[in-house]
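Below is one structure, written out as structure tokens, with a few remarks after it.
Bear in mind that the values in this text are calculations on the coordinates, not laboratory data. Given the structure is predicted, the values throughout are model-derived calculations rather than measurements. Reconstructed Cβ throughout: ideal geometry from the backbone, glycine too, with neighbour counts over all protein chains shown.
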Amino acid sequence: MATHMLVQFPLLLLAGALLHASRSTSGDARFASADEPAWNRLGIAGLVFAACVLALGMIPRLLDLALVDARVEAAKIAALLAAGAALHASWRRAGLVVQGFFLGNVLPMTAVVGMLYQDAPARLCNGYRLDEQVLAGTLLVALAVALALGWLVAAGIRMHRAENIGVHGPGVALPSTCASAPRLAAFTAGGPHHEERSWPEDASTTTSRKP
């Protein structure tokens with residue numbers, strides 16, 4: 001069960017994201033366009049779709065059906081691939097606020113499902129043993145906590161960089177007092193190419209009087 005939910009699901013999501021990334025770099029105008037599509041403003045539609053797919057994937061009955069019915073297994077694979085592509089297309093467009101809202105719904109749901117798997121006195125999935133169910137629940141809770149901490153650290157770093165760029169500007173180097181001191185001295189002294197100009201004398205002062 002842990003392999004099904006914590007290995008197969010992430011690998012299918014990753015495959016969908018890589019598939020979308022390859023289509024974006026291949027020159028396909030539908031994927032490589034820099035303009036934000038109207039149906040996925042701020043990545044909201046893609047993230048909502050991915051959240052729905054992940055929520056359905058945690059239902060024990062669907063996990064059982066995916067083991068015995070090839071049609072359900074094919075639909076699960078297609079849905080997870082599409083969810084991975086939606087995440088790749090929507091994550092950067094979402095920004096920190098929408099990302100936090102998405103994770104604030106998905107990660108607590110994952111942790112609650114994990115705790116239910118741990119505390120259930122009977123098997124929730126007929127295809128897996130009770131110890132496998134408890135292990136999957138423990139790993140789901142650990143995964144939710146790890147993803148939350150990782151995103152918080154990444155968001156903090158991103159906000160710190162944005163603050164520094166806003167204060168100093170991109171690529172702005174602070175002036176050095178030691179480096180500017182010789183230039184200031186050279187400027188005040190006239191510099192190496194400073195030349196004294198001789199102004200023409202007044203004719204009234206240079207003309208000598210005849211005796």
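Some notes on this structure:
- Estimated from the Cβ-Cβ distance and a Förster radius of 30 angstrom, the FRET efficiency linking Leu130 and Ala55 is about 0.80.
- Anisotropy class of region 1-110 from Cα gyration tensor, a/c 1.5 cut: oblate
- Applying 0.36 nm per residue to the separation of Leu42 and Leu14 and subtracting their alpha-carbon distance, the gain on full extension is 8.0 nm.
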